[in-house]
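For reference, the structure discussed in these notes is given below.
Just so it is clear, none of the values below were taken in a lab; they were calculated from the coordinates. Note that this is a predicted model, so its numbers are computed, not measured. We place every Cβ from the backbone using ideal geometry, glycine too, and count neighbours over all the protein chains shown.
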């Protein structure tokens, strides 16, 4: 049985053709706006601001889930949260400040209710505007500062659910409860952007920020929740496009008033299919120049940079793929630094303008403990030293070149498996769960068919100057064999951890029989690999550098011979290419 990746890629292509050839956006009876193909005109000063260097953009979820921040003086909080940006050699050029889920406010607002917490009320009573303080601290350091706004977030900024007055007054403005199964909001309810009053309310919230705070730009964060009733997202895309047209006009009007650029960014799914599932018409947004920066993906290592380059060709739009270290990709929660280097190497090779981090650590654990603000794990968890090191190397491709790397094939699901953690499934809610990823994949047991997977490699390992630097190059395969579950342990290879979330949830494989070492045939770009050795439950195959191409590679796996267990298929859980270099 072949992996469905070929079918998915065919689907991607056919969807592009359909979008380009089918007239209209939404049934006339269902849409209160008409498509507009006019192109936004941008000044040379605006275009110059878009093209500035952004090696690393840090999306900073400043206060979410942490009521203890108000125990610190604002200057102490600033010092702590700028820890990594202030370190020598930091490649952070831009910080995008996110202040909650978008329905409550830690800063003075005439539109949103203030956080229901004594510390924030005290700040407000004393005239402390914490958002303005962080904005000014950014500019003082010469850092670009955006306001990042969660377009459709939850109602649990400080942990417990907080009833939002406007939602209580207008339940008809919310997505029907049977469409959503999460506990993130009161009654599991999110705003329905089909409703004109919802869009008007959001524009009021954003207008207040745009006109009263001197940010360099605004990021629209679309990755938190659906915007429309499930099953109607793509039919309703013109509502969201019209919303973005109005928002773009608002930011450009502010740009004219203050005499310097006001940029607009959008955080969207990692590929065009995902954008369509969510009702986000990025092709029209690019064609009309409604945004300046696309941030693509969140928990995914696979970002379709090529297709985003295609739809933004001839425009000024920058592309920044995103890495989330809290809502992580399945199987790689708190991964080794080599995995993230491999991801970033791939993205740089694919032609991105810079990198984007989301929910990375902001300070070292010791510093946060001493400050007394330990809260959500992404503030100062175990990866702190790793993230500090990456912030000094990830933004410069040349600095990554001879660093050890692990190139991996994407898994479905999220940090705890998610709804589609091991079997995939239809994209019913929204696409931020990697639900069309290649792994896990079943290996046919007929001895005939190959299971085929694509593996991206961002290092050119065949260059004459590189080969002497390579210390080792191995392909590692992790299998799961449910049929061997009740067989004697001495007949099987070592059990191995597939996935963990923090130090709480653990998911192990059912290891295959030892005979699998003889029965699994592996080809890299159709070149047969030799017999593997077994290391900690993985099958490890040596690979010659000349076999590996820069960019996309094809790996084929086939089970041959007669299996000693039942006829059930083995599951390929992980596939990794490890590159280790000699140090100078």
Would you please give the FRET efficiency between residue 161 and residue 87, computed as 1/(1 + (r/R0)^6) with r the Cβ-Cβ distance and R0 = 30 Å, to the nearest 0.05? 0.20
Long-range share for segment 209-270, i.e. C-alpha pairs more than 18 Å apart as a percent of all pairs, stands at 44
Can you tell me how segment 441-581 classifies by the Cα gyration tensor, rounded, prolate or oblate, using a/c under 1.5 as the rounded cut? prolate
Can you grab the distance from the C-alpha centre of segment 40-57 to the C-alpha centre of segment 513-584, Å, no decimals? 45
With a/c under 1.5 counting as rounded, go ahead and sort segment 34-402 into rounded, prolate or oblate using the C-alpha gyration tensor (a ≥ b ≥ c being the square roots of the eigenvalues; past the cut-off, prolate if a/b is larger than b/c, else oblate). rounded
Ignoring solvent entirely, what values of log10 I(q)/I(0) come out of the Debye formula for segment 234-328 at 0.16 Å⁻¹ when each Cα is a single scatterer? -0.68
Could you order peptides 456-462, 572-578 by the average number of other Cβ atoms within 10 Å of their residues, highest first? 572-578, 456-462
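Show me the ranking of peptides 124-136, 158-170 by mean Cβ neighbours inside 10 Å, starting with the highest.
124-136, 158-170
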Ordering of 513-522, 217-226, 293-302 by packing [mean C-beta count within 10 Å, highest first]: 293-302, 217-226, 513-522
If I stretch the segment between residue 446 and residue 110 completely, what's the gain in nm (0.36 nm per residue apart, minus their alpha carbon distance), one decimal? 114.3 nm
Here D for segment 88-236, in µm²/s, from Stokes-Einstein with a Kirkwood Rh over Cα pairs at 10 °C and 1.306 mPa s, works out to 96
Assuming a ≥ b ≥ c are the square roots of the Cα gyration tensor eigenvalues, decide whether segment 281-334 counts as rounded (a/c under 1.5), prolate (otherwise, with a/b larger than b/c) or oblate. prolate
Proxy reagent accessibility, fewest Cβ within 10 Å first, across 267, 139: 139, 267
In whole percent, what relative contact order does segment 34-402 give with Cα contacts below 8 Å and a gap of six or more residues? 19
